[in-house]
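Have a look at the structure below before the remarks.
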Amino acid sequence: MLESITPVALRKLGLSPREAEVLRWTAQGMANAEIAASLHISTPTVKKHLERIFRKLGVSNRLAAVVKVAQSCTARRPASSRCGPGRTA
């Protein structure tokens with residue numbers, strides 16, 4: 001389910017493009033060091049992005065951030081606010 005959440009949907013939640021990217025990798029279970037290597041940034045930079053994500057979403061950890069995004073996406077079913085391409089259910 002979370003793989004289908006688009007960067008556009010994450011930006012609608014107030015996340016920057018990079019924060020959206022970090023959260024998508026987080027949702028897929030990647031550790032900070034893995035995310036850093038994938039994005040060619042440092043691990044402390046990933047941690048800073050996560051801190052900003054937590055603050056913007058009003059949560060305190062990565063699991064809560066992923067759950068909040070999943071809940072936001074299921075609450076936005078109608079028309080163009082869907083979180084993934086072609087989602088109907």
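The values are calculated or read from the model by the stated rules, or taken from the named source; none is laboratory data. Keep in mind it's a predicted model, so treat the numbers as computed, not measured. All Cβ positions, even for glycine, are placed from backbone atoms using ideal geometry, and neighbour counts span all protein chains on display.
If a residue has to be more than 18 Å from Ser72 (Cα to Cα) and among the charged types (D, E, K, R) to count, how many in the stretch 14-51 make the cut?
5
Within the stretch 13-51, how many residues turn out to be in a helix (DSSP H, G or I), over 11 Å from the mean Cα position of the chain (by Cα) and either closer than 14 Å to Val66 by Cα or at pLDDT below 95 (or both)? Steps first, please.
So the first thing to find is which residues in the stretch 13-51 are in a helix (DSSP H, G or I), and the list is 17-27, 32-39, 43-51.
Pick out the ones that are also over 11 Å from the mean Cα position of the chain (by Cα) and you get 32-39, 43-48, 51.
Now drop any that are not either closer than 14 Å to Val66 by Cα or at pLDDT below 95 (or both), which leaves 51.
The total comes to 1.
Which of the residues that make up the stretch 28-69 are out of contact with any helix residue (DSSP H, G or I) (no Cβ under 6 Å at 6 or more places or on another chain) and in contact (Cβ under 8 Å) with a residue 60 or more places away in the chain?
Across the stretch 28-69, the qualifying residue is only Val69.
I'd like the full set of residues that are hydrophobic (A, V, I, L, M, F, W, C) and surrounded by 15 or more Cβ atoms within 10 Å (Cβ to Cβ), limited to the stretch 20-42. Break it down stepwise before answering.
Step one: filter the stretch 20-42 for residues hydrophobic (A, V, I, L, M, F, W, C), giving 20, 22-23, 25, 27, 30-31, 33, 35-37, 39, 41.
Hits for the stretch 20-42 are Ala20, Val22, Leu23, Trp25, Ala27, Met30, Ile35, Ala36, Leu39, Ile41.
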